[in-house]
Amino acid sequence: MAVGIFDSGLGGLTVLDACARHLPQVPFVYLGDNANAPYGVRDADDIYELTRAGVQRLFDAGCDLVILACNTASAAALRRMQENWLPSDKRVLGVFVPLIEALTERQWGDNSPPRNVAVEHVALFATPATVASRAFQRELAFRAIGVDVEAQACGGVVDAIEEGDMILAEALVRSHVEALKRKMPKPQAAILGCTHYPLLEEIFQAALGSDVTVYSQAKLVAASLGDYLERHPAMRGPGEVPMFLTTGDPLRVSNHATQFLRRKIDFHAA
Ligand code: DGL
């Protein structure tokens, strides 16, 4: 009954952690492609090939359903994988839609025409590849009208987190928030559009100010996965054992993961 969770590196652990709390009976198999992180500065073909290889590894580990806990992979590879490659008995879900449904106050599967929503000025913080894809704006436009989105590509933040250099990551976040505010002085809401960023959520919130609502994906994705599994119980794959896999150095990745999640995590070679 295992479910796979994929990210370029450590960021997807924020999603894994929320999913494991929400669905304690489900064994999750996590795969971090740490050897190839960050994805956010790669081109779309490269992201597609790496993501496909990672998802295949999770299918091989007994998962029939994989969550792409990576906005960059969701933006650059998900649709192409679903259209060209995905075996008919497998599913891959991304992390954008639950977030946008929350922002636009929609229930799952509400496909009614776009309408006005409460927020009008939204700041999007994401990797350069996610920002370049404009996938967030596209998904939003299907559901809402009149929302002004200002996107800030947060170069360097994922590398710093993957290196465990949180002082640099925090300084970069503050400077990216300042840059965003120069373009949009008063955002009402901010989207953390990269699963690494919840590790710095307090820094984003402090730099943005307490009147800005910060949306981060982990809990929203966990709730949405819970709904999905209730509607599609057969998508729990045959795997039984929770695992943490990495393409990087298992010891180094385990140390960083243990530091981030504040519990012991043991990664194994993928
Ligand atoms: N956590 C991934 C995301 O959500 C990280 C991207 C990267 O590897 O640059 O976009």
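The values are calculated or read from the model by the stated rules, or taken from the named source; none is laboratory data. These numbers come from a predicted model, not from an experiment. Here Cβ is always computed from backbone atoms with ideal geometry, including for glycine, and neighbour counts include all displayed protein chains.
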message: Condition check: touching a residue at least 60 places away in the same chain (Cβ under 8 Å), buried (at least 18 other Cβ atoms within 10 Å of the Cβ) and in a loop (DSSP other than H, G, I, E, B). Does Gly40 satisfy that?
response: yes
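Quick grid of which residues meet (1) within 16 Å of the ligand (Cβ to nearest atom); (2) of a type in the set (D, E, K, R); (3) more than 30 Å from Lys181 (Cβ to Cβ):
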site: Cys70; (1), (2), (3): yes, no, no
site: Ala76; (1), (2), (3): yes, no, no
site: Gln82; (1), (2), (3): no, no, yes
site: Trp108; (1), (2), (3): no, no, yes
site: Pro114; (1), (2), (3): no, no, no
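In the set Val173, Val157, Val149, which member is modelled with pLDDT of 95 or more, of a type in the set (A, V, I, L, M, F, W, C) and more than 15 Å from the ligand (Cβ to nearest atom)?
From the options Val173, Val157, Val149, the qualifying one is Val149.
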Those residues of region 1-46 which are within 9 Å of the ligand (Cβ to nearest atom) and among the hydroxyl-bearing types (Ser, Thr, Tyr), in sequence order: Ser8, Thr14, Tyr39
Qualifying residue in region 67-84 (condition: of a type in the set (Asp, Glu) and touching a residue at least 12 places away in the same chain (Cβ under 8 Å)): no
task: Could you tell me which residue of region 60-89 is farthest from the chain's Cα centre (by Cα), considering only residues that are assigned to a loop (DSSP other than H, G, I, E, B) and either crowded, with 19+ Cβ neighbours inside 10 Å or among the small types (Gly, Ala, Ser) (or both)?
output: Ser88
Looking only at region 190-199, and only at residues there that are out of contact with any Gly (no Cβ under 6 Å at 6 or more places or on another chain) and within 12 Å of the ligand (Cβ to nearest atom), the one that is nearest to Phe96 (Cα to Cα): Gly193
- prompt: In the list Gly239, Gly248, Gly193, which residue meets the criterion of being crowded, with 18+ Cβ neighbours inside 10 Å, in contact with a Cys (Cβ under 7 Å, 6 or more places away or on another chain) and closer than 21 Å to Leu68 by Cα?
  reply: Gly239
